[in-house]
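Here's the structure, in structure tokens; my notes come after.
The values are calculated or read from the model by the stated rules, or taken from the named source; none is laboratory data. None of these values were measured; they are calculated from a predicted model. No Cβ is skipped: glycine too gets one built from the backbone with ideal geometry, and neighbour counts run over all protein chains shown.
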Ligand code: HEM
């Protein structure tokens with residue numbers, strides 16, 4: 001298992017799936033500023049959080065709570081969307097990005113019984129998740145982790161980093177996404193905000 005101790009090492013992962021554990025407790029590189037339930041059951045408060053990256057599924061990590069996810073192939077993005085994202089996106093670990101958000105999300109059984117084309121239509125054609133959010137790049141850097149297949153309490157662990165001057169823009173995006181049809185399929189969401197010096 002490799003654990004990452006400095007932001008300089010958190011480069012874009014270009015190999016296979018990257019297993020990521022978010023460990024909350026008394027220690028960790030990020031200070032937890034707030035833990036707020038958006039819908040459904042919240043998570044316990046904690047002081048600090050660490051993001052532990054590994055090429056294997058981690059076990060034996062202890063904290064107030066631990067959430068695990070894994071990066072994966074895209075499900076919904078088409079080729080032109082992938083290219084547009086690549087042209088604009090920024091890496092994690094930028095020195096000026098001293099604010100972060102960890103937003104674990106679970107979707108309803110009604111979402112998961114839909115066919116792939118139905119989910120794509122809700123996600124993009126109706127909710128404009130990509131076309132709306134891409135405007136916020138490169139101010140916000142992001143990484144999506146899948147958790148559903150790991151039998152975790154959430155389906156996704158979404159992670160974002162931004163500079164303090166872009167906090168209002170991030171708030172604006174989050175509010176717009178929560179008002180979409182896609183979000184009517186979200187039945188558990190916790191909004192965790194973090195900072196580091
Ligand atoms: C910062 C700008 C953002 C961009 C550019 C962006 C882009 C994307 C893209 C391209 C995907 C689909 C990946 C695929 O094809 O499988 C995706 C999925 C997702 N995003 Fe975002 N996103 C952004 C912000 C957010 C925010 C703020 C949230 C949460 C509040 C969020 C939550 C999610 C979730 C939960 C998924 C997985 C959806 C699913 O597979 O059902 N995104 N995002």
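Tabulated data
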item	result
Test: residue in the range 80-90 that is at pLDDT 95 or above and touching a strand residue (DSSP E or B) at 6+ places or on another chain (Cβ under 9 Å)	yes
The listed residue being under 23 Å from residue 189 (Cβ atoms) and at pLDDT below 95, out of 69, 16, 64	64
Count of residues meeting criterion [closer than 23 Å to residue 107 by Cβ and touching a residue at least 60 places away in the same chain (Cβ under 8 Å)] in the range 25-50	9
Candidate set: the range 55-86, residues that are within 16 Å of the ligand (Cβ to nearest atom) and in a loop (DSSP other than H, G, I, E, B); chosen: the one nearest to residue 143 (Cα to Cα)	71
Count of residues meeting criterion [closer than 14 Å to residue 160 by Cβ and at pLDDT below 95] in the range 175-197	0
Hits in the range 99-116 - residues which are in contact (Cβ under 8 Å) with a residue 60 or more places away in the chain and within 18 Å of residue 152 (Cα to Cα)	102, 103, 104, 105, 106, 107, 108, 111
